[in-house]
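The values are calculated or read from the model by the stated rules, or taken from the named source; none is laboratory data. Small disclaimer: the values here were computed from a predicted structure and weren't measured. No Cβ is skipped: glycine too gets one built from the backbone with ideal geometry, and neighbour counts run over all protein chains shown.
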Amino acid sequence: MKEAQTSTRLVLPYGDSRIRCEVRRSKQRVKRSVAIHVEPDGRVVVDAPLQAADPDIRLAITRRLAWIHRRMVEVENRQMVLTPREYVSGETAVYLGRRYRLKVVSTQGGNQVRLRGGYLEVAVSNRSPETVRHELEQWFQARAKEFLPRRLAMMSERLKWVKAIPPLSIRRMSRQWGSCSPQGRIALNAGLVRVPRECIDYVLLHELIHLREHNHGPAFYRILDRHLPDWKRTKARLDALADLALAR
């Protein structure tokens, strides 16, 4: 006999986002509890008894919204780390936290990389993986040198203790996202241009606080908490993207 089951959709607000859930009611589920799963593709699935009341299901989901959101971020981060391995069309590249489909095309002119809709198009005369990888790395480096100084300037203007935009260098790093020297010089990892903007802003704020507090003492974290209350979640998201953005 076919299992009695119904499926409905439910959308709940969480912070600035909205979490969409698929609610599956099943006669086979005789327990009163509601089970919540975040699937590998990011879908939120809620299994409930067939006779479960809507308010009870909504309450069960609401109580676990923070957990659901964390799991969705983890899934998103895993999907982002699908970086090109063979450097051929169809693979995934990530820029500012957004995934783009890699498209490699032949050209008789000069090599170039450009964003076109949901694609990151690499036009090359030689379609070897080495050539495509080189062009992509050059493109990301150029984007980092354009984007990160602007973001640093914007962040510096918001912080009262920053009297002038600090000297900045951008380079590939294998072990850190950024640093601030005792002389107030900031260095940023060029790979940051691959991660979401909120993660970039966290790194910038972190280094700019070092202009005022040189170590990671209580005063440092008080300032961080005041300007970015949700910094621990952002840091966890950034750390999960280490394989994507740190130089190897």
Exercise for review: For residue 219, state whether it is modelled with pLDDT of 95 or more, more than 20 Å from the chain's Cα centre (by Cα) and surrounded by fewer than 16 Cβ atoms within 10 Å (Cβ to Cβ).
Suggested key: yes
Review point. Out of (1) farther than 20 Å from residue 188 by Cβ; (2) of a type in the set (Asp, Glu); (3) at pLDDT below 95, the odd one out for residue 137 is which?
Key: (1)
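May I ask you to verify whether residue 105 is surrounded by 16 or more Cβ atoms within 10 Å (Cβ to Cβ) and either in contact (Cβ under 8 Å) with a residue 40 or more places away in the chain or not in a helix (DSSP H, G or I) (or both)?
Taking the combined requirement at face value, the residue does not satisfy it.
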**Study point:** Near pairs, Cβ below 7 angstrom, 6+ apart or cross-chain, from region 132-148 (surrounded by fewer than 17 Cβ atoms within 10 Å (Cβ to Cβ)) to any residue that is part of a helix (DSSP H, G or I)
**Key:** 141/190
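Looking only at region 150-165, which residues are touching a Ser or Thr at 6+ places or on another chain (Cβ under 7 Å) and within 28 Å of residue 139 (Cβ to Cβ)? Working first, answer last.
The initial filter retains those residues of region 150-165 that are touching a Ser or Thr at 6+ places or on another chain (Cβ under 7 Å), namely 162, 165.
If the condition is that a residue be touching a Ser or Thr at 6+ places or on another chain (Cβ under 7 Å) and within 28 Å of residue 139 (Cβ to Cβ), then 165 is the only one that fits.
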Check your understanding: Taking region 156-177 only, how many residues are modelled with pLDDT under 95 and part of a strand (DSSP E or B)?
Key -> 1
Review point. Among the residues of region 61-72, how many are modelled with pLDDT under 90 and surrounded by fewer than 16 Cβ atoms within 10 Å (Cβ to Cβ)?
Key: 1
Review point. Before we move on, is residue 121 surrounded by 16 or more Cβ atoms within 10 Å (Cβ to Cβ), under 20 Å from residue 242 (Cα atoms), among the charged types (D, E, K, R) and touching a Leu at 6+ places or on another chain (Cβ under 9 Å)?
Key: no
Revision key, fill the gap. With the first residue restricted to region 164-179 and required to be without any contact (Cβ under 8 Å) to a residue 24 or more places away in the chain, and the second required to be part of a loop (DSSP other than H, G, I, E, B) and surrounded by fewer than 18 Cβ atoms within 10 Å (Cβ to Cβ), Cβ contacts under 6 Å at 6 or more apart or on different chains are 167/185
